[in-house]
Amino acid sequence: MSASFSQVASGIGADAATLPVDPLLQASRHADFQANAAMAMAKALKKNPREIAAAVIDAVAANELIDKLEIAGPGFINIALAPSALGALLIEQRAHARLGFEPPTKQTIVVDYSAPNVAKEMHVGHLRSTIIGDACVRLLEWQGHDVLRRNHLGDWGTPFGMLIEHLLDMGEIEATMELSQGDLNGFYRAARQKFEDSEDFQTRARNRVVSLQSGDAETLRLWKVLIEQSQKYFMQVYEQLEVRLDGSEFVGESAYNDELAPTLDALRSLGLIQTSDGAECLFPPGFTNRDSEPLPLIVRKRDGGYGYAATDLAALRQRTQTLHADRLLYVVGSPQSQHLEMVYEAGRMAGWLSLPATAEHIAFGSVLGSDGKMFKSRTGDTIRLSDLVTEAIERAASTIEAKNPDLSSEERAQVAQMVGIGAVKYADLSSERTRDYVFDFDRMLALEGNTAPYMQYAHARVQSIVRRAMQSHGIDATHIDQAPMIVGDEAEKVLAMQLLRFADVIEEVSGSLQFHRLAIYLFDLATAYSGFYNACPVVDAPDAQTRLSRLALCRLTARTLATGLSLLGIRAPQRM
Ligand code: ARG
């Protein structure tokens, strides 16, 4: 098409002739696609757009892909694709390991995600970071990139003074028990309370921070007890959620301790550090407070300690300079946007972040309760994530029992696991990432609408149709997978067109990391399948060849749904 537009342009003697003209193709309600370029050219050439459209149609050589070209309205070109071409494209897609998606140039990508804080309950923000980060990891690994997972645990800093002293007060064994049971909230709150109530405790906590920072062996041992117990609890949540976090990616803030002084030295020798109020700061241009005063990134505090920003600078430097990452993703809530942008800018100023390497904030909104307020438990506490996942699975089990009482209890338990976890993940990933989203069990577990159970059920239904046809007609899977794919009926065509979009959608989502676009695609695919199934009998197809071809469409649909869901970290049951 593009060549044709250029041909026409040169035929008319336009200046644009030397440049390829963008055909401005888009999906159309009146045809498979429409090309809008004739309108744009008409303006530039001061000609009638319908004349240009006609000239373009004349210039398009007969080809296998296009069935019909027509002028519509003031000069649109409607394009109808040839059904035979669609069949051939589907066969190509079926033979392709990644369903037509061509792996891009391999990159080293660091995904910084989850990152809860030690001895503190993970909150729903960490849940979002974990789910979105896991989807990033799955999508990018599937494409063949080198993905380095970094769980930037909050495992260092002044709170550890009070936490260690509280641990000593409780007795190590008691404290370990409480923490390993996952009562991180209770532990943290009790320590905090003592810190507020007792001056003596405050002094002990402060001295303990000093011992920790100076590397006192016993203090470090106690600190490690806290870390290990918390990590055990976090791992329990990760296992429940079936995310790809196995403990090897715990690279917490403390991991950068030895890099903090060298990072500051490097910044200082680049002339980027200014002293302000006794603190050593970097002022990235363009960041100001409400009074238009430049905002500092505090690298070293007045008391000599390093904080959150210093750690992030050291981490960024290590990720690009030592690990040679091309792309840094920070899956962190929107409120930390300014902090991260300042860190990136500092990285650019220091020469640690330069193109083609990029850093992106994969920001997300807050989780709200059904009442529209911050999501909290009935008592106003942070909700324990492990309780949340357990509840989702339990509710899924009763939904499934009502829907399909024939499933064995064992199978029901397995499916409930897939559906419960899937519902929590899909509810998050199918909503626009940067928006706040409402955590609502009833909605996320509904069998209707853009939900995990609906998508999982759609997959199971396709599989059951395929099973039934295979049984009643004695067909095996290899037979179907080698069958010709014939696109005849209009509903077959709609399904085919939707299947063929897969690679484009993946391409788009790899850049934007807006997973709701993948979710919408999958939902539309399930809808297209329903339309196909209602219009085109599969088991009772008019003849063997049509049946095989339709079964091939079913199998490709199931595979596409399962692949898409797996990239979101969601399993697709065979039966439901
Ligand atoms: N631990 C932090 C929090 O709970 C999130 C860390 C995000 N990652 C980073 N590199 N700053 O808010």
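The values are calculated or read from the model by the stated rules, or taken from the named source; none is laboratory data. Remember, it's a predicted structure, so these values are computed and weren't measured experimentally. Please note: Cβ atoms are built from the backbone with ideal geometry, for glycine as well, and neighbour counts cover all protein chains shown. These accessible areas exclude ligands, DNA and RNA; they are computed on the full protein's heavy atoms, side chains included. Shrake-Rupley method; radii C 1.70, N 1.55, O 1.52, S 1.80 Å.
Within the stretch 137-155, the residues that satisfy the criterion of being of a type in the set (D, E, K, R), closer than 21 Å to H126 by Cα and in a strand (DSSP E or B) are R149, R150. I'd like to check something: does the stretch 534-548 contain any residue that is of a type in the set (S, T, N, Q), out of contact with any Pro (no Cβ under 7 Å at 6 or more places or on another chain) and under 28 Å from K425 (Cβ atoms)? The answer is no, given that none of the residues of the stretch 534-548 is of a type in the set (S, T, N, Q), out of contact with any Pro (no Cβ under 7 Å at 6 or more places or on another chain) and under 28 Å from K425 (Cβ atoms). Among residues belonging to the stretch 102-125 that are in a strand (DSSP E or B) and among the hydrophobic types (A, V, I, L, M, F, W, C), point out the one that is surrounded by the fewest Cβ atoms within 10 Å (Cβ to Cβ). Across the stretch 102-125, the extreme among qualifying residues is I109. For G511, the test of being open to solvent by 30 Å² or more (accessible area, probe 1.4 Å), in a helix (DSSP H, G or I) and within 25 Å of T434 (Cα to Cα) is passed. So V251 fits all but one of (1) open to solvent by 50 Å² or more (accessible area, probe 1.4 Å); (2) at pLDDT 95 or above; what number is the exception? Only one criterion is unmet by V251, namely (1). Among the residues making up the stretch 62-101, those that are assigned to a helix (DSSP H, G or I) and either among the acidic types (D, E) or at pLDDT 85 or above (or both) are A85, L86, G87, A88, L89, L90, I91, E92, Q93, R94, A95.
Identify all residues within the stretch 234-267 that are among the aromatic types (F, W, Y), closer than 29 Å to Q417 by Cα and within 15 Å of the ligand (Cβ to nearest atom); write none if there are none. Explain how you work it out, then say what you get.
Start the filter on the stretch 234-267 by keeping residues that are among the aromatic types (F, W, Y), which leaves 234, 238, 250, 256.
Of the ones still in play, those that are also closer than 29 Å to Q417 by Cα are 234, 238, 250.
F234, F250 - these are the residues of the stretch 234-267 that are among the aromatic types (F, W, Y), closer than 29 Å to Q417 by Cα and within 15 Å of the ligand (Cβ to nearest atom).
Pairs are defined by a Cβ separation below 6 Å, a sequence spacing of at least 6 or placement on different chains, a first member in the stretch 247-274 that is more than 28 Å from T130 (Cβ to Cβ), and a second member that is open to solvent by 40 Å² or more (accessible area, probe 1.4 Å) and away from the ligand (no atom under 14 Å from the Cβ); the pairs so defined are L264/R300; L272/M349. For the stretch 272-309, a residue qualifies if it is in contact with a Phe, Trp or Tyr (Cβ under 6 Å, 6 or more places away or on another chain), surrounded by fewer than 19 Cβ atoms within 10 Å (Cβ to Cβ) and not in a loop (DSSP other than H, G, I, E, B), and exactly one does: P294.
Yes or no, residue by residue, for (1) of a type in the set (D, E); (2) more than 22 Å from the chain's Cα centre (by Cα); (3) within 9 Å of the ligand (Cβ to nearest atom); (4) under 18 Å from G247 (Cα atoms):
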residue	(1), (2), (3), (4)
H123	no, no, yes, no
R128	no, no, no, no
L140	no, no, no, no
M162	no, yes, no, no
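Residues in the stretch 31-42 that are in contact with a helix residue (DSSP H, G or I) (Cβ under 8 Å, 6 or more places away or on another chain) and either open to solvent by 70 Å² or more (accessible area, probe 1.4 Å) or without any contact (Cβ under 8 Å) to a residue 60 or more places away in the chain (or both): A35, A37, A38, M39, M41, A42. Scan the stretch 488-500 and tell me whether some residue there is out of contact with any strand residue (DSSP E or B) (no Cβ under 9 Å at 6 or more places or on another chain), assigned to a loop (DSSP other than H, G, I, E, B) and either closer than 25 Å to L140 by Cα or modelled with pLDDT of 95 or more (or both). Checking the stretch 488-500: not a single residue is out of contact with any strand residue (DSSP E or B) (no Cβ under 9 Å at 6 or more places or on another chain), assigned to a loop (DSSP other than H, G, I, E, B) and either closer than 25 Å to L140 by Cα or modelled with pLDDT of 95 or more (or both). Taken together, the residues in the stretch 314-346 that are away from the ligand (no atom under 12 Å from the Cβ), of a type outside the set (D, E, K, R) and not in a loop (DSSP other than H, G, I, E, B) amount to 5.
Anything in the stretch 316-347 that is open to solvent by 40 Å² or more (accessible area, probe 1.4 Å), charged (D, E, K, R) and farther than 20 Å from L260 by Cβ? List them, or say none. Once the filter is applied, which keeps residues that are open to solvent by 40 Å² or more (accessible area, probe 1.4 Å), charged (D, E, K, R) and farther than 20 Å from L260 by Cβ, the stretch 316-347 yields D326, E341. The set of residues from the stretch 142-160 being within 15 Å of the ligand (Cβ to nearest atom) and not aliphatic (A, V, I, L, M) comprises R149, R150, N151, H152, G154, D155, W156, G157, T158, P159, F160. Do you know which residues across the stretch 456-476 are open to solvent by less than 30 Å² (accessible area, probe 1.4 Å), assigned to a helix (DSSP H, G or I) and of a type in the set (A, V, I, L, M, F, W, C)? A458, A460, V462, I465, V466, A469, listed by residue number. Among the residues here, V111 does not qualify as within 12 Å of the ligand (Cβ to nearest atom), over 18 Å from the mean Cα position of the chain (by Cα) and closer than 30 Å to L316 by Cβ.
Go through the stretch 538-573 and report how many residues are modelled with pLDDT of 95 or more, open to solvent by 30 Å² or more (accessible area, probe 1.4 Å) and in a loop (DSSP other than H, G, I, E, B). Here the count works out to 1.
Answer with yes or no whether T399 is open to solvent by less than 70 Å² (accessible area, probe 1.4 Å), in a helix (DSSP H, G or I) and under 23 Å from F234 (Cβ atoms). Answer is no for this residue.
Candidates in the stretch 376-391 are the residues that are open to solvent by less than 40 Å² (accessible area, probe 1.4 Å) and within 16 Å of the ligand (Cβ to nearest atom); of these, the one that is modelled with the lowest pLDDT is I383.
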